[in-house]
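Scroll down for the structure; my scribbles are underneath it.
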Amino acid sequence: MTDEQQALPSPNRYKEFVVTGSLVAMRDRQDSAAPKEIERSQDQSGKFLHAAEILTIEEVARQPVDGIDTPRILSEMADIGPEARLFLYRPEGKVIRYEVFEDPRICPEIHRGAVIENLQEKPKDVSGWSTHEFFIDIKGCLGDECGRCAIMCPENAIHLMGKGKGSFHEIDPLACKGCFICWVECVRTAADCILVDGKTFDPIMRAKHFGE
Amino acid sequence: MATVLAGNGAAAWGFRLSRVQCYPYYPITPSTACSQQISRWVNDGAMEAVTINAESEHSAASQIITAGKSVRAGTATSSKGLLYMIEVLENAAGGGVPCGLYIGNRATGAPINIWADNSDAYAMRDSGVIQIFAADAQEALDNIIQGYRIAEDLRVRLPFAVNLRGFTGTHAYEGVEIPKQEEVDRYLAPFVPIYPLFAPEKPVTYGAMLSAYPYRRHKRNQMAALSHASEVALKSGREFAEKLGRSYGLFEWIGDEKAKLVVALLGESACAGEVVTRHLQGKEGIPGVALLKIRLFSPFPAKEIAQALHQAGTKALVVLDEGLHHGGVLPPLAQRVATAIHLHLGGQGPKVASVIGGLGGSEVRQDHFQLMFNLADNIAEGKPYRPEPYWLDIDEDPIFAEREDQVSPKLWKKWGEIWKKQKRKEKFCAPIPPDAHEIRIYSRAGQGAITSAVGFTGAGIQNGYQLLTVPAFGSERRGAIITTDTLINFHKERKIRSFTRAWDVVILYDDTILQSPEHQVLEGLKEGGALLVNSSRLSVKKIREILNANEERVKVFTVPAGEISQRLGLGHLNMPMLGALHKVYEKVPFKTALSYYEKHVPRPREVSLESIKQGFAETSDQEVKKVKKERRLSVSQDFLDWRPEDHSQESWPSALEEVQL
């Protein structure tokens, strides 16, 4: 290499560019004058967000909250009436902020912003939709080694029970709408695993779904 | 002390002081500078936030919605960018996400027009966003802080938008009080999400599909929350006054308490109306007048406005709209006001006339407000008026017409009877004497006129005056002639934010502007006003000859600013011209101004300061003894006189031989 190598100023902390003639190559940064990274707060508590709680007067009365003047809050809420809510923010169990306000909603069962709280969402009873009953046989199920049916189930009706060797999947009969997706997707082709109406194998059904 | 900021800079401060944590943006004129400033602060570490370079406004809006679920988020946009955001902004409102938008209001094409009107804000009025209108840079800053307060209130939880008129608001430099961070922190508590994303203890789904029954119930809730915003805005405006010293209501009533005639409007144009209202107040033969400057447009404070009009005993109300409602009966603001009056006052309310003006950057001037008050007076007297909008500044369709041949014949058939009965009254329309000093700079784009005018504004504000600098922006290319206007107001308590266009000083950054056929530099210059020309080749006498003006008409000053900056190696003209301005205009003393420039001139500081001083020293209204030979290319007079549209000359006048010397 006869051409002179020339390093370009680079904002990258680890790499820099070198120009040789008309060629540009990248190499690890050799001088120590790497640009400093702007320090940002390293506060780990900011990593996960904490939801605020919104309590009704009954809930506050039932379980007094530490760190606030509960009797005063209760009387404040009583002044507003049944629509009074206590907004409570206690990320690590300690109350940082609280506020009494009047719930503006007219239709109280709809959350603000039409948000759905996933853990409180109860599955609908869709058992009336299904024409066949589905049942997973513990003996055939691969348990947590597989779990394909649970992932594929559109109604979230299949749950893993137990852990490790003895684990198996179970179908919630109320949530199952009988769509056959688990039966089609089963890695064991539902051979001795998923029973439909108590049967493990039905050539007519197989022909219908697999075209066999 | 007030800091010199443009509307965009003030808005950026609003976001910074509100401690916005996420700021995605896709810049668009005229709100670009706000995003620019914030991304610079974030890069410098002055502001702890995440900025995202979005790939479109649609993405930027989607990102503030997503971010706004968990942290405080904001963005800025304008015009078509806002229209592109509207599609997702409905999700922000429906999802109850309290994020913030700053909008530099601008026309929406076609045809393309980058200048101001309220079309974009009107287009978003049905998206469920709280809409606040600011009238100047200070209000933009304050309203963004208050906007977060209103939007995050537990009874509201909705997105908000702060609107400021493009250019005359967003690009006008003026003194802005930047509150201290601690003061704002005391007013605006940190953001707390109700339903954050990524909260392990409460996972949620936003924007799920809802069928008719829950959907209509949700929309009922959403409307209830939005209607609370007006009450919350009033409360937080009061608290803002307590904690930060400037009070805000749902609207501002400027003028007489018992105003028979009222003009209602939104935003920055009110500044010209304020001057007119103050002028007309208490004049003989004029009943009480007032300006109704509406701050909260959505949710519209219908009841409060109707009450205020009722208490004042208003007889006639003229509503100015800077945007259209295509196919509507009245434009959006007029429609809201008229509905409010109809519902809350019925037949007892004032008569409402609608005027459309200020479209696509048209200025709503002081004389327009005089016409509107005049119209209101005629209506109050019981004269007939149009049941459809009037238009401002359309020669074929004026508000008042003296003669039939003055107007479009089509319209005379329709409105002739009304025109005959409506009279223009001198007591309303007599010109308003200027109450402030005004300076106009003609320069070529890129010469730095804005920089020097902004410097001068800062020096004037330090001197205890109120200054305002409004540069003209447009489709100029580098080298085109543009104007920059500065207003100096000596009243401390009285806001003047509107130009009368009677110049005390006119400045030319380039002596060739004297010969520009499109620019009559003496037009509007007061009798005996000053003209400052940057020239080392033209003498004062020669300039008088070119302008055909005697010493009573104009005081002519020259300064060889080009030479000074060349000598000092500065490369631009604005600093010597700034010094020269102080020689010509002595109300802002040079000595006190220097103390400001020492801290604020652009780099290289020493050279800039030196050129300001030399510019001041070398400005003269005398014949300069040794007129130096022109240092640039010597070209023939033919060359200078030639214009592309000039067909009398057969060919391009060849000056090449002379140039080759």
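Any read-out appearing in this document is the output of simple, stated calculations on the displayed coordinates, not a laboratory observation. These numbers come from a predicted model, not from an experiment. Virtual Cβ from ideal backbone geometry, glycine too; neighbours counted across all protein chains shown.
The angle between the Cα long axis of helix B:449-462 and the main principal axis of chain B comes to about 70°, on a 0 to 90 degree scale. For the stretch B:3-244, the spherically averaged projection of the C-alpha convex hull amounts to 13.1 nm².
For the pair A:Trp129 and A:Leu174, the difference between a 0.36 nm per residue extended length and the Cα-Cα distance amounts to 15.2 nm.
Calculate the mean, over all residues of peptide B:148-159, of how many other protein chain Cβ atoms lie within 10 angstrom of the residue's Cβ. Write down the numbers at each step before the final one.
Numbers: counts 0, 0, 0, 0, 0, 3, 11, 6, 1, 3, 2, 0.
Mean shielding by partner chains, rounded to a whole number: 2.
Beta bridges from DSSP with both residues in chain B: antiparallel share about 35 percent, rounded to the nearest 5. What's the Kirkwood radius of the stretch A:127-210 in Å, using all Cα pairs? After inverting the mean inverse Cα-Cα distance, the result is 12.7 Å.
Grab the Cα-Cα distance for B:Gln36 and B:Lys414, subtract it from 0.36 nm times how many residues apart they are, and report the gain in nm with one decimal. Mind dumping the intermediate values first?
Working: separation 378, 0.36 × 378 = 136.08 nm, distance 5.07 nm.
Stretched fully, the B:Gln36-B:Lys414 segment lengthens by 131.0 nm.
Each of B:Leu570, B:Gly68, B:Leu317 was scored by the projection of its Cα onto the charge dipole of the protein assembly as shown, and the greatest displacement toward the positive side belongs to B:Leu317; charges sit on the C-beta of Lys, Arg, Asp and Glu. Taking a Cβ cut-off of under 15 Å around A:Asp125, the surrounding Lys, Arg, Asp and Glu residues balance to a net charge of -1, with basic ones at +1 and acidic ones at -1.
Take A:Met77, B:Met577, B:Met372, B:Met1 and order them by how many other Cβ atoms sit within 10 Å, fewest up front. Spell out each step's value before the answer.
Details: A:Met77 23, B:Met577 32, B:Met372 29, B:Met1 9.
So the residues, fewest neighbours to most, are B:Met1, A:Met77, B:Met372, B:Met577.
The mean of 1/r over all distinct Cα pairs in chain B, once inverted, gives the Kirkwood hydrodynamic radius of 26.9 Å. Whole Å is fine, so just give me how far the alpha carbon centre of the stretch A:51-73 lies from that of the stretch A:120-137. Between the Cα centres of the stretch A:51-73 and the stretch A:120-137 lies a distance of 38 Å.
For every helix of n ≥ 4 consecutive DSSP H residues, a contribution of -39,500 (n - 2.57) applies; sum these over chain B, divide by its total residues, and give [θ] at 222 nm rounded to the nearest 500 deg cm²/dmol.
Values: 22 runs with 256 residues, N = 661.
Result for chain B, helices only: -12000 deg cm²/dmol.
Measuring r between the beta carbons of B:Glu598 and B:Ala46 and using R0 = 30 Å, the FRET efficiency lands at 0.80.
Under a Cβ-only charge scheme (Lys and Arg +1, Asp and Glu -1), can you give me the dipole magnitude of the stretch B:465-558 about the Cα centre, in debye to the nearest 20? Present the calculation step by step, with values, prior to reporting the outcome.
Values: 14 positive and 12 negative charges, 48 e Å.
Here the stretch B:465-558 has a charge dipole of around 240 debye.
The residues neighbouring B:Tyr597, those whose beta-carbon lies less than 14 Å from its own, together hold a net charge of +2 under the Lys/Arg +1, Asp/Glu -1 convention.
For A:Arg97, nonlocal amide neighbours, meaning residues 5 or more places apart or on other chains whose placed amide H falls under 5 Å from its own, are A:Tyr89. Normalised by the number of residues in the stretch B:251-429, the mean separation of alpha-carbon contacts (under 8 Å, six or more apart) gives a relative contact order of 22 percent.
Helix B:332-345 and the longest principal axis of the C-alpha atoms of chain B enclose an angle of approximately 40°. Within the straight-line cut-off of under 30 Å between alpha carbons, the lysines reachable from B:Lys202 are A:Lys47, A:Lys94, A:Lys122, A:Lys124, A:Lys163, A:Lys177, B:Lys69, B:Lys219, sequence neighbours fewer than 8 places apart in one chain being disregarded. Leaving out same-chain residues fewer than 8 places away, which aspartates and glutamates sit with a Cα under 14 Å from that of B:Lys180? Leaving aside aspartates and glutamates fewer than 8 places away in the same chain, those within reach of B:Lys180 are B:Asp142.
Short-range pairs are left out: with C-alpha atoms under 8 Å and at least six residues apart, the relative contact order of the stretch B:507-565 is 39 percent. Remark: the stretch B:556-570, residue by residue, has Karplus-estimated 3J(HN,Hα) of 9, 10, 10, 9, x, 5, x, 5, 4, 6, 5, 4, 8, x, 7 Hz, where x stands for each Gly or Pro and the curve is 6.51 cos²θ - 1.76 cosθ + 1.60 at θ = phi - 60°. Within chain A, the longest run free of chymotrypsin sites (Phe, Trp or Tyr not before Pro) that sit in a DSSP loop with at most 13 other Cβ atoms within 10 Å is A:49-200.
Going from the fewest other Cβ atoms within 10 Å to the most, the residues B:Arg497, A:Arg29 appear in the order A:Arg29, B:Arg497. Scaled against the 2.2 N^0.38 Å expected of a compact globular protein of N residues, the Cα radius of gyration of chain A reads 1.80. Across all Cα atoms of the protein assembly as shown, the radius of gyration (one decimal) and Dmax (whole number) stand at 34.4, 115 Å. Here the label points at A:Lys15 and B:Asn548, each 7 Å from Cα along the C-beta direction, are separated by 6.9 nm in the simple model. With neighbour counts taken as other beta-carbon atoms within 10 Å, the residues A:Val100, B:Val318 rank, fewest first, as A:Val100, B:Val318.
Which three numbers, in whole Å and largest first, are the semi-axes of the equivalent ellipsoid of the stretch B:103-188 derived from its Cα gyration tensor as √(5λ)?
Numbers: eigenvalues 129, 73, 7 Å².
Over the Cα atoms of the stretch B:103-188, the ellipsoid semi-axes are 25, 19, 6 Å.
If you average 1/r over every pair of different alpha-carbon atoms in the stretch A:73-122 and take one over that average, what Kirkwood value in Å do you get? If you can, show how the numbers build up before the last one.
On the way: mean 1/r = 0.0784 Å⁻¹.
Hydrodynamic radius (Kirkwood, Cα pairs) of the stretch A:73-122 is 12.8 Å.
Basic side chains Lys and Arg get +1 at the Cβ, acidic Asp and Glu get -1 at the Cβ, and with that the dipole of chain B about its Cα centre reaches some 1500 debye. Our estimate of slack between B:Glu242 and B:Met223, defined as 0.36 nm per intervening residue step minus the Cα-Cα distance, is 3.9 nm.
Taking only the alpha-carbon atoms of the stretch B:251-429, what semi-axes of the equivalent ellipsoid follow from 5 times the gyration tensor eigenvalues under a square root, in whole Å, largest first?
Details: eigenvalues 110, 68, 53 Å².
One finds semi-axes of 23, 18, 16 Å for the stretch B:251-429.
The calculated 222 nm mean residue ellipticity attributable to helices in chain A amounts to -4000 deg cm²/dmol, summing -39500 (n - 2.57) over DSSP H runs of n ≥ 4 and dividing by all residues.
Seen from B:Thr32, the other residues with C-beta closer than 13 Å to its C-beta sum to a net charge of +1, counting Lys and Arg as +1 and Asp and Glu as -1.
Comparing B:Leu531, B:Phe499, B:Phe456 along the charge dipole axis of the stretch B:437-630, the residue lying farthest to the positive side is B:Phe456, per the Cβ-charge model.
When chain A is treated as a Gaussian network with alpha carbon springs shorter than 10 Å, the biggest mean-square fluctuation among A:Val18, A:Val65, A:Val115 belongs to A:Val18. Between the amide H of B:Ile52 and those of B:Tyr23, B:Tyr25, distances stay under 5 Å, these residues lying 5 or more places away or on another chain, with hydrogens modeled in the peptide plane. Taking every residue in A:97-110 and counting other chain Cβ atoms within 10 Å of its Cβ, the average works out to 5. Using R0 = 45 Å, the C-beta based FRET efficiency linking A:Gln6 and B:Ser56 works out to 0.70.
Please give the charge dipole size of the protein assembly as shown, origin at the Cα centre, charges +1 on K and R Cβ atoms and -1 on D and E Cβ atoms. Round to the nearest 20 debye.
Result for the protein assembly as shown is approximately 1080 debye, rounded to the nearest 20.
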